[in-house]
1. Pop the C-beta distance of F125 and S162 into the FRET formula with R0 = 22 Å and round what comes out to the nearest 0.05.
2. Once you put a point 7 Å from the Cα of E90 and another 7 Å from the Cα of I183, both along the Cβ direction, what distance in nm separates them?
3. At a Förster radius of 25 Å, what calculated FRET efficiency corresponds to the Cβ-Cβ distance of M116 and E22, to the nearest 0.05?
Amino acid sequence: MKKKFKETDLPIYEAVIDEMDESTGFKLISIVRDPAIGIKAMCFSEMDKIEIKLQVVEDKQLLIGPALIPDLKIYRNDQYGEYYTIFRAEQIRKMVERFNRSGSNKKINFNHSNKMIDAYIMQDFIIEDPVYNNARAYGYDNLPVGTYFIVCKVEDKKFWDSYVKSEGFSGFSVEGLFGMRLIELSKNFDIEISEIINKIDDISNILKS
């Protein structure tokens, strides 16, 4: 029987793309209720607590906020077990470049389902300076350099009224195909090394963050 990890003892994997494989990276933005980065979470590099509150502009039907934050430990519990995933700033930049190059700004789905939404990314950028950046104009003063930031316009009034206003689906999550690179082993020394190796081989799959 596998032992259940304590969250502080979990292995950490870095999400990466294959430079030679254009199919890797994120291909869709999903509008969700509880995005992984929308709660208090621990920053892997600075070990600081940061709190993200995604904005909803009702009169313009806009959703505003970060989609990816570098070095943020995102807790996972799926068929591969419990672990953390992080996105490094360099990998985020490469993923965003590939996403925009493919013209995917209208590929918006609902809660990681097959339901596509009549919406588009009106503005997106990577934060380059901790002080002088466009995110501060929207009230985000503490996002680190390397954060991928989105302003999304929802055209579908029925969807907006039914889900964003009524049910609170107001966060961003990326969806795509990523490789996973182990960067820190579990602190639970009872774990089998073969289990870690198998996880590295198996976990390169569609990751929903």
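Here, each number is a calculation from the coordinates, and none is a lab measurement. In this text the structure is predicted, and so the values were computed from the model without any measurement. Positions of Cβ are generated from backbone atoms using ideal geometry, with glycine treated the same way; all protein chains shown enter the neighbour counts.
1. Values: r = 30 Å, r/R0 = 1.34.
The formula returns an efficiency of 0.15 here.
2. That separation, rounded to one decimal, is 1.0 nm.
3. Values: r = 21 Å, r/R0 = 0.86.
The pair M116/E22 has a calculated efficiency of 0.70.
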